[in-house]
Amino acid sequence: MSTKKKILIALVVVVLGITGKYVYDRHINHNFMTITEGKVYKSGVIPPDEIADYVKKYKIKSIVDLRFPGTGDDVNNPEVPAELIAEKEAVEKIPGVNYFNNGSDQVPKQENLDSFFKIMDNQDNYPVLIHCYHGIGRAQMYSAIYRIEYEGFSNEEARSKAAFPVMFSSFDDGKPKGEYLKAYKSRKQKAAENK
């Protein structure tokens, strides 16, 4: 077999591997990802009939749903009220699991952060699953904020883990989410400034 043919076959195998991983992550595993093993996970929407499986596998005690309908942004926030109700009802059937709806824009407002901190400050709520619609915008944003607030990540470390690669993503320099994370001040930083 010629070298050109071997290179072409290798290239096809790599492309198929990347495509397969994308399809699995996005459409089969719902962009599920471990943020901190045994503590915090993030995902896109998990169909109501599959939620119990994830809860059992990862021992999840709380689900933080960042979706809310009526934003008018059908690309980033294509939520449908019936979907939120179906998820809430599915979670209510699982003993010992809390469902929190903290409907948020792509860039959080202070009231969303306050609600999020109230949930995350309570150790009884862990392990926690944070999710939005796609699992790559708001869920990543709140995961980055979690890392800054609770794990001591720097803003840049948290931003770089929010998306790979950061360049050309919604967390890139000059993009609202990227700039928000770069300028974000933790509660600890704000308290130190107010002394």
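Values in this text are rule-based calculations from the coordinates and carry no lab data. Just so it is clear, the model here is predicted, and its values are computed rather than measured. Methodologically, a virtual Cβ is constructed for each residue, glycine included, from the backbone with ideal geometry; neighbour enumeration extends over all protein chains shown.
Tabulated data
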| quantity | calculated |
| --- | --- |
| Stretchable slack from Lys93 to Ser154, in nm (0.36 nm times residue separation minus alpha-carbon distance) | 18.1 nm |
| Table column - 3J(HN,Hα) (Hz), the range 128-138, Karplus curve with 6.51, -1.76, 1.60, x for Gly and Pro | 10, 10, 9, 9, 10, 6, 8, x, 10, x, 5 |
| Label point distance in nm, Ala86-Lys190, each placed 7 Å from Cα along Cα→Cβ | 3.7 nm |
| Average projection area in nm² (convex hull over Cα atoms of the range 121-195, one quarter of hull surface) | 5.8 nm² |
| Sequence-distant residues sharing a close amide H with Lys39 (under 5 Å, placed H) | none |
| Approximate shape of the range 100-156 as ellipsoid semi-axes (Cα gyration tensor, √5λ), whole Å, largest first | 16, 15, 12 |
| Of Lys161/Lys190; Lys42/Lys161; Lys118/Lys190; Lys57/Lys93; Lys61/Lys109; Lys56/Lys161, those spanning more than 19 Å from alpha-carbon to alpha-carbon | Lys161/Lys190; Lys61/Lys109; Lys56/Lys161 |
| FRET efficiency, Lys109 to Glu37 (Cβ-Cβ, R0 35 Å, nearest 0.05) | 0.70 |
| Net charge contributed by nearby residues that have their C-beta within less than 14 Å of Pro127 (K/R +1, D/E -1) | +4 |
| Distance (nanometres) between label positions extended 7 Å along Cα→Cβ at Lys6 and Gln123 | 5.8 nm |
| Rg ratio (alpha-carbon, reference 2.2 N^0.38 Å) - the range 58-195 | 1.07 |
